[in-house]
1. Using the structure shown, decide if residue 167 is closer than 22 Å to residue 31 by Cα, in a helix (DSSP H, G or I) and at pLDDT 80 or above.
2. So in the stretch 100-149, with the set limited to residues that are among the basic types (Lys, Arg) and over 21 Å from residue 196 (Cβ atoms), which one is least open to solvent (accessible area, probe 1.4 Å)?
3. State whether the residues of the stretch 159-169 include one that is open to solvent by 50 Å² or more (accessible area, probe 1.4 Å), in contact (Cβ under 8 Å) with a residue 60 or more places away in the chain, farther than 30 Å from residue 45 by Cα and among the β-branched types (Val, Ile, Thr).
4. Looking only at the stretch 43-99, which residues are open to solvent by less than 20 Å² (accessible area, probe 1.4 Å) and within 20 Å of residue 136 (Cα to Cα)?
5. Among the residues that make up the stretch 187-207, is at least one of them within 23 Å of residue 33 (Cβ to Cβ) and modelled with pLDDT of 85 or more?
6. Just give me the residues in the stretch 74-112 being of a type in the set (Asp, Glu) and either in a loop (DSSP other than H, G, I, E, B) or farther than 17 Å from residue 122 by Cα (or both), in sequence order.
7. Under 7 Å between Cβ atoms, at least 6 apart or on separate chains: pull out the pairs that start in the stretch 106-120 with a residue that is over 10 Å from residue 74 (Cα atoms) and touching a residue at least 40 places away in the same chain (Cβ under 8 Å) and end on any residue that is of a type in the set (A, V, I, L, M) and open to solvent by 30 Å² or more (accessible area, probe 1.4 Å).
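The values are calculated or read from the model by the stated rules, or taken from the named source; none is laboratory data. This one's a predicted model, so the numbers in the text were calculated from it and none came from an experiment. Don't worry about glycine lacking a Cβ; one is built from the backbone with ideal geometry, like all the others, and counts go over all protein chains shown. Keep in mind that these areas ignore ligands, DNA and RNA; they rest on the heavy atoms of the full protein, side chains included. Shrake-Rupley method; radii C 1.70, N 1.55, O 1.52, S 1.80 Å.
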Amino acid sequence: MSRLGNLGARLYRGEVGYDFIGKRKIWYGVSILITITAIVGLAVSGLNMGIEFKGGAVFTTPKTSVSVDKAETLASDASGHQAIVQKLGNGGLRIQITEVDTAKSDEIKGELAKGLDVSEEKIAADLVGPSWGEQIANKAWTGLGVFMVLVVIYLAIAFEWRMAIAALVALIHDITITVGVYALVGFEVTPGTVIGLLTILGYSLYDTVVVFDSLKEGTKGITKQTRWTYSEIANRSINGTLVRSINTTVVALLPVAGLLFIGGGVLGAGMLNDISLALFVGLAAGAYSSIFIATPLVADLKEREPQMKALKKRILAKRAAAAAKGELNEAEQEDERTAEDAAPAGAVVGQRQEPPTGHGRTPGKRR
């Protein structure tokens, strides 16, 4: 068995583990700090909305020897707005310019034909209205709202309402961080970004439900025992599914990282960035929130129940009594060790020793 597999088995059996629940205030503080940073970045920088949301024109040129940088400068000078230029597989260029009307589009098309040294008739120009992007955004918000409601209802029925609330907080946490990263790095927000945001919700919820299911099984009949508190069982549930969560997250992140860093970064396929960044950040945030946010939050909510408070009190009292008894046994063992040290060499503690005989005396016969 591999080291990771051996570690996973030991975590599952509770032989080793990390105290996630006991250090939950640290994770809460880290999450609050990251969330505040994301919100500040969103408020200061804002989102770089794509042409589908702002409206504008998209020009597709035939094969040309003009570089992307030169074409970008040419398009920006002709339109008065920042242009986004991408190299196509056939050697042509795709030029996006926001906030352009029909009249301005014809003017820009003529300037591009001169600067790129191609025929004006071979340049395709498509106008995109902002209403289309607005419809997509509205439908996305509607879908997000319906998804959240269904998630809360399902988790409340399958598990309990505390777990539903914790999962909802974790989902909002993941979305906020992902949107904040978009604002901070300045990546363009496109319909692909919206699809990516909706996709990560499922991944985030999957990791959370795995831990919740283990927690539900571990807490059956919890009030009938006096060995573990709810928080301790929750901590064992996290440790028991930790390796599984890490494996599934890494396997999901590898292809997404390939799209983001190799496809978008090295190969320059900028159209992959919009969806790959959302997936990459969302998957990582989802794995984090399921371990460090959702389950500790459930433990906090459950420990407020009178039954759980009474259980914890009984367990702590039992442990205190066991500790006191252990100290008494340790004192008794110390006394025995002292007696053993005082006994003659070769004697066995608890065995009666013969009295020593005097010098010059012959011991009498035993009867």
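1. On the way: closer than 22 Å to residue 31 by Cα: yes; in a helix (DSSP H, G or I): yes; at pLDDT 80 or above: yes.
Yes, satisfied.
2. Among them, the one singled out is 109.
3. yes
4. 50, 51, 55, 56, 57, 58, 96, 97
5. No, because not a single residue in the stretch 187-207 is within 23 Å of residue 33 (Cβ to Cβ) and modelled with pLDDT of 85 or more.
6. 77, 99, 101
7. From residues that are over 10 Å from residue 74 (Cα atoms) and touching a residue at least 40 places away in the same chain (Cβ under 8 Å), the pairs are 109/125.
Conditions tested, residue by residue: (1) out of contact with any Leu (no Cβ under 9 Å at 6 or more places or on another chain); (2) more than 23 Å from residue 20 (Cβ to Cβ); (3) modelled with pLDDT of 55 or more.
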position: 296; (1), (2), (3): yes, no, yes
position: 304; (1), (2), (3): yes, no, yes
position: 317; (1), (2), (3): yes, yes, yes
position: 329; (1), (2), (3): yes, yes, yes
position: 332; (1), (2), (3): yes, yes, no
position: 335; (1), (2), (3): yes, yes, no
position: 341; (1), (2), (3): yes, yes, no
